[in-house]
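A short write-up of the structure that comes next.
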Amino acid sequence: MTTTLTRKACFVPSSIAESLGNTLPESWLIFADGGGVGQALAERLESSGNTCVLVYADAGKKMGTARRVDHHAFAHSSTTLPSSRQGLAGTGARDGNKIWYLDPAQSGDFDRLFTNAFQEKVPPLRGIVHLWSLDAPDNAELTSETLAQAQTLICGSVLHLLQAQIKQNQPAKLWLVTRNAVSTGQSGAPLVLAQAPLWGLGKVIALEHPDRWGAMIDNPEAADLLAEITAENVAEEREDQVAYRDGQRYVARLVKSSLSLSINAQPSPPLQPNNSYLITGGLGGLGLEVARWMVGKGARHLVLTGRRGPSTEAQDLLRQLEGMGAGILVFNGDVSDHGQMVHLFEEIDEQMPPLKGIIHAADILDDGVLLQQDIARFDKVMAPKVAGTWHLHTLTQDRPLDFFVCFSSMASLLGSPGQGNYAAANGFMDALIHHRRALGLPGLSINWGAWAKVGMAADSDSLQQERLVAIGVDSIEPNEGISRLGVLMGQAARIQVGVASVNWSRYLKQSFVASAFLSELTRRSSFASEHSYEIARKTLVDQLLASPGDEQKLQYVKRIVLRMISETLLISEDTIDEDQDLDELGIDSLMSTQLREKIRKEMGIDISNADLIELINTSTLSQLAGLLIRKLNLPEEDDGKKALSRAQPEKSTTTEKETSFSTKTEYGTLPEKHAWEIPEHFYDTDCFVEYEWLQEQKKSFGQSGIDNPYFRVNEAIIGATTQIDDRELISFSSYNYIGLSGDSRVSEASREAIRRYGTSPSASRIATGEKPIHGKLERALARFLNTEDCLVFVSGHATNVTVIGHLFSSRDLIVHDTLAHNSIVQGCLLSGATRIPFFHNNYEQLDNILAQNRHNHERVLVVVEGVYSMDGDIVPLPQFIEVKHKYKAILMVDEAHSTGVLGKSGRGVGEYHQVDSADVDIWMGTLSKALASCGGYIAGRHRMIEYLKYTAPGFMYSVGMTPANAAAALAALEIMQQEPERLERLRDNAHFFLESAKARGLNTGLSHDTPIVPIITGDSMRAFELAHRLFQKGINVHPVVAPAVPEGDARLRFFITSEHTKEQIDYAVDQTAQLL
């Protein structure tokens, strides 16, 4: 579930296991500092038989040195620098050690280093340790010029190093070392600000190149550093953000902030009408939103800066603010230019009341993966965040400010593929705020996630925003973000906090290696199998080994890759040519990251981001599929396999959906040997990998001391209460929404139908199973739903499967919500139609999908649900109807949980939104919820219903609905219309439960206006534990875990009914809040 939450980074004490050592000689590349840490590390490594190459930053590029140097890599044979810097490698002062000097600004120097320093006789390169950050200037030495030089020395050298390493195909791990670059919450030496950006950059390297990533280590001694870089020999040692303070090792964790974001009873932000406030970037969309809010909170003097003048829209808003009594000073200037900032503060002093607060929101984006970046692009993005923030700090540190707020980014907290420069820039901003607080000055850094409608993320195209959502990064609505800003500004104790709308389950799936930094988000999850990738690989290998011949193997993998590319690009498979160059498809850096993870998750194949980008730039889909097969290292085929391969005809006579096999060929009978080569989990049902997985999950209950919550026997009618093991419990686990299951009138109707027609129709309805009660129920439903006709089926799940599978074919397109019920997806698969999901309730994305794909298909079906059963939210039906008409599509609405629930009279989502029922082509519903029976129905035009009645396989070839069930549904429908107070009680109870849960701080996700309220727990085991403990307290509520919802989105799902009392609801919510 995506929710807006606050997160913060903290450091916790941790020990490090002793290295197992390595008996083979290896090489280490050490970018050594001038203080001797690199030298001491080399000595320790060499004492164990390793070879070290030391690389120093060219003396001409050290801080404060202005002289020009020759831009060539070189080495010398003494500790005295030679007058000429020409030449290549030479022996250093110590035997066996090479010393190089490189210009950090020259990428060619790094290329030559790898080419010339690592010849054939040099042992394989094990690791790279970068310590140049330790030579960065202290804070007292910082100016615009020294900051720029420091970023070239640090970020520039790391960028060039990484690019050269990948270009030269060196797989060694990279460790980045800093000195007091991050705050651990421990008192001690002040932060060294110039080093801080490297931590933001390092987090992006970890995401883009996990195969080459070691860690970031702050403030280690040489012995500590040695332990860190050799600890990778120890299993499960994955800490990649480490800091040392006073001999103690600390590791970073992302944790939920204790901050409450409730706007109730929170201190007000310190805004006064007789002071002035500065907003940098104040003429942009986000800055203007902040300005509007500040004026609304009582500020009357604002200074807004921007590199360009205000747009027409901005001018309109400024006039509105001035009409509210605000005085606005607009200043056009660059915050990274010191002279312009001096002039700005002079104008403020001359024209405005005393300056009491600053909100620094100026920024620039220039995204691109690190392999495509350069120093100039880094400089452009870092200027407003690094130099700009420094200028604001130094020019106001003697002013009595009430607040100094920096708009940072989640990119510096989590990393963000394609945003190495942006993450680095915001890393400096975060550190500066900690520095200010150490000086006793006000400061707050907010690591914002993406904003909707305003800000940098909102300026990207719609598909880019959709892909952000696909990896779990949703947008913060402006009104929500601004309210969070007010809360944070009113809490002076806060220094740095992340505020983002993130679906952690989707986000965590993007990373190749689960970083320990994020372990608090997943540490209790037992359902995320550690072996899932291995299982995926084994399953694929077994499938390919059973495939006769190389061409069949290739075709099989090509189909997988085609689907993954289609899902990544959000386009139809039909629009992708397998022989088309992949770079023509427009796969950007973010998409390559998504595609890489799909390959790993679904195929069990590791491929580096660099290799995948190179393949995308140089290969076709077929070539990519061939490379993935080679990475599986399949065994050579033996004679039996070759015979099996030869047995296949050169040209197939079967259709795409039909395959024929024969035991006779032109070569004779197939050898019996091949049957013994089929893996047992392909034919022995006891060995199915899915069954083995299920057993693992069942074992986890006993290991955790939790009762298995599945298949508990309910010994009585389930209403507001139930009976299990002779105990009465409050029940929130059934969808008997209006209490009609168990109603005496409904039960009597069923008994009368049995007396008249028997317990079964004893045949399909098209034969001799038609009973009067069937037609009576269908006509009543059609009248109730205001449709021409209706048809009932024996199962709600089967209704969707058979109708969708029957009405649509491979020539058609089906587009459905990503949260669509399994029955909808199964129907799509049965149909053979092209299937494209759109993000939940996102009719704008649906519009984009149809704009690109409608003309490629005959029929196009759009499927949504009235109420989504896992989340309790409602489809924005009028908008979907509009898109349906625009593209001449067919609209189907699944009303399983909205019939008898939504609308004044229970007619469902159509009545709720007051739309014409004829605007929906296919109304689907079930009879097992509010209507107290079993089965499903399809309602719509008469011709379609008649066609289904005579041809739908799930209707024709199935027994008809039992008379008892038909009679029960009819009786429940009549009672619901006669007693509308049941619906009123249901709405009241649902509202009471939802508001009570929110008031107690429970995460209810997207639920609104429905009797389905999820309580999001996060990981699956936590949901099981909570359900177990509530059961002990007399409350029966069911956990919903993966795969029903994504891992990380586990929840308890509360079904509220009209029969619950306020006391029962209050007790359940109170117990849940206490236990959670």
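Within the option set Asn219, Asn139, being closer than 30 Å to Arg253 by Cα and buried (at least 21 other Cβ atoms within 10 Å of the Cβ) holds for one residue only, Asn219. Look at (1) part of a loop (DSSP other than H, G, I, E, B); (2) under 27 Å from Ala387 (Cα atoms); (3) at pLDDT below 90 and you find that Glu239 fails only one, number (2).
Take the residues of segment 153-176 that are closer than 14 Å to Pro104 by Cα and polar (S, T, N, Q): which is farthest from the chain's Cα centre (by Cα)?
Quick first cut of segment 153-176, residues closer than 14 Å to Pro104 by Cα only: 153-164.
Adding the requirement that they be polar (S, T, N, Q) leaves 157, 163.
Working: Ser157: 31, Gln163: 27 Å.
Out of the qualifying residues, it is Ser157.
Taking first residues from segment 680-709 that are among the acidic types (Asp, Glu) and partners that are surrounded by 13 or more Cβ atoms within 10 Å (Cβ to Cβ), the Cβ contacts under 8 Å between residues at least 6 apart in sequence or on separate chains come to Glu696/Ser529; Asp707/Phe701; Asp707/His1028; Asp707/Phe1031. Per this entry, Asp579 is counted among residues that are within 30 Å of Phe839 (Cα to Cα) and touching a strand residue (DSSP E or B) at 6+ places or on another chain (Cβ under 8 Å). Residue pairs whose Cβ atoms lie under 9 Å apart, separated by 6 or more positions or on different chains, with the first residue in segment 1000-1014 and not assigned by TED's automatic domain parsing to the domain that holds Asn841 and the second surrounded by fewer than 20 Cβ atoms within 10 Å (Cβ to Cβ) and of a type in the set (Asp, Glu), are Arg1000/Asp1070. Going by what's in this entry, would Leu740 be described as more than 18 Å from Phe1031 (Cα to Cα), of a type in the set (A, V, I, L, M, F, W, C) and in a loop (DSSP other than H, G, I, E, B)? Yes; evaluated as a whole, the condition is true for this residue.
The number of residues in segment 316-339 that are out of contact with any Ser or Thr (no Cβ under 9 Å at 6 or more places or on another chain) and of a type in the set (S, T, N, Q) comes to 1.
Being within 20 Å of Leu970 (Cβ to Cβ), within 35 Å of the chain's Cα centre (by Cα) and of a type outside the set (A, V, I, L, M) is the filter here; which residues of segment 912-936 pass it? Hits for segment 912-936 are Trp923, Gly925, Thr926, Ser928, Lys929, Gly936. Taken as a whole, segment 1005-1018 holds no residue that is more than 29 Å from the chain's Cα centre (by Cα), modelled with pLDDT of 95 or more, under 29 Å from Pro980 (Cβ atoms) and of a type in the set (Asp, Glu). Within segment 1007-1044, the residues that satisfy the criterion of being under 21 Å from Ile718 (Cα atoms) and out of contact with any helix residue (DSSP H, G or I) (no Cβ under 9 Å at 6 or more places or on another chain) are Pro1014, Ala1027, Phe1031, Gln1032. Of all the residues in segment 272-314, those that are over 37 Å from the mean Cα position of the chain (by Cα) and either of a type in the set (Ser, Thr, Tyr) or closer than 21 Å to Asn479 by Cα (or both) number 5.
Selection over segment 156-204 of residues that are surrounded by fewer than 19 Cβ atoms within 10 Å (Cβ to Cβ) and within 16 Å of Asn139 (Cβ to Cβ) gives a count of 3.
Is it true that some residue in segment 730-747 is β-branched (Val, Ile, Thr), more than 16 Å from Ile975 (Cα to Cα) and in the same structural domain as Val1040 (by TED's automatic domain parsing)? I'd like the intermediate steps shown before the answer.
Within segment 730-747, the first condition is being β-branched (Val, Ile, Thr), and the residues that meet it are 730, 738, 746.
Subsequent filtering for residues that are more than 16 Å from Ile975 (Cα to Cα) retains 730.
So of that shortlist, the ones also in the same structural domain as Val1040 (by TED's automatic domain parsing) come out as 730.
Within segment 730-747, one or more residues are β-branched (Val, Ile, Thr), more than 16 Å from Ile975 (Cα to Cα) and in the same structural domain as Val1040 (by TED's automatic domain parsing).
Residues in segment 588-633 that are in a loop (DSSP other than H, G, I, E, B) and at pLDDT below 75 were compared, and the one that is nearest to Glu551 (Cα to Cα) is Ser608. Taking the stated definitions as given, is His840 surrounded by fewer than 21 Cβ atoms within 10 Å (Cβ to Cβ) and either in a helix (DSSP H, G or I) or at pLDDT 95 or above (or both)? When the stated conditions are applied, His840 does not pass them. Quick check: is even one residue across segment 1025-1038 crowded, with 20+ Cβ neighbours inside 10 Å and in a loop (DSSP other than H, G, I, E, B)? Scanning segment 1025-1038 turns up at least one residue that is crowded, with 20+ Cβ neighbours inside 10 Å and in a loop (DSSP other than H, G, I, E, B).
The criterion of being within 28 Å of the chain's Cα centre (by Cα) and either crowded, with 24+ Cβ neighbours inside 10 Å or within 24 Å of Val825 (Cβ to Cβ) (or both) holds for Pro876. The set of residues from segment 713-733 being of a type outside the set (Lys, Arg), more than 15 Å from Gln1064 (Cα to Cα) and touching a residue at least 60 places away in the same chain (Cβ under 8 Å) comprises just one member, Ile724.
The values are calculated or read from the model by the stated rules, or taken from the named source; none is laboratory data. This is a predicted model, so every value here is computed, not measured. Note that each Cβ is placed from the backbone with ideal geometry, even for glycine, and that neighbours are counted across all protein chains shown.
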